[in-house]
């Protein structure tokens, strides 16, 4: 029995989707991006086949809970030789609506050269136009904001800089050439729950108080990594500024399907949407399954404010505001 008092409530103690639900021989289905289109919920599912290589395939549901229809073909999959930087897979798609009937997909293109940030456009989720690699390896966990700031699009991403794996930002007036990088938030080190590395969840959610960012944090527990989710609030007009960052995690592996799988003790989200006054967060569990948890948007904003901790670790990096 789950004893957590988390604001996020699981839809079930069982997976929403599992490998056997897929139309191919899947080893895992996890880390979906999510968008609501015409009252229908679309998940951009990462499906790992039994070669170990991942593709992105769309799942649709009228209520976002059951009756899932999985596309007959992938939206994004490795396609050599045209896309050599995807030879080992397309992973962890995060989707943002940028114009009427147009969405940008940020995903990880994985190859022998390492993981890189790639973008693609779609107008129907049946086909996607690749824009190509935007940020070279080693980089992943990218997402694009749904509106411009000072005539530029903003992207959050997670490069590896030395031994650091922190959340950075970049901007582009066209979505093709990304520049003006800077660090948004750093892993906190020491015994913190987000001490080893951090990365973006999905596109930040706009609120009256600022952009609500769900992010994952990793702590090393012996030889194992424990993935949990936390919250931060970014300035509404300048998302390079962190207004508050919760000291506590908001969601952790507790259900059996989150604690047992290909990579145990992992909850990892690539997207959440606001439906009425609720946030519906879809997440990968143990790198094997898909789960769903919901929370009141107002309670999430209240949580991050109540547990605010303006990090003062390594202030010389100037990443905390």
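Residues of the stretch 255-313 that are buried (at least 18 other Cβ atoms within 10 Å of the Cβ), farther than 18 Å from residue 10 by Cα and in contact with a strand residue (DSSP E or B) (Cβ under 6 Å, 6 or more places away or on another chain): 301, 304.
Within the stretch 159-184, residues that are at negative phi and part of a strand (DSSP E or B) reach partners that are crowded, with 17+ Cβ neighbours inside 10 Å and at pLDDT below 95 with beta carbons closer than 6 Å, at six or more positions or on different chains, in the pairs 183/319.
From the list 38, 67, the lone residue that is surrounded by fewer than 17 Cβ atoms within 10 Å (Cβ to Cβ), over 21 Å from residue 137 (Cβ atoms) and modelled with pLDDT of 95 or more is 67. When we screen 116, 28 for residues that are without any contact (Cβ under 8 Å) to a residue 40 or more places away in the chain, in contact with a strand residue (DSSP E or B) (Cβ under 9 Å, 6 or more places away or on another chain) and buried (at least 22 other Cβ atoms within 10 Å of the Cβ), the only hit is 116.
The values are calculated or read from the model by the stated rules, or taken from the named source; none is laboratory data. Note that the structure is a prediction, hence the values are computed from the model and not measured. Cβ coordinates were reconstructed from backbone atoms using ideal geometry, including for glycine residues, and neighbour counts include every protein chain displayed.
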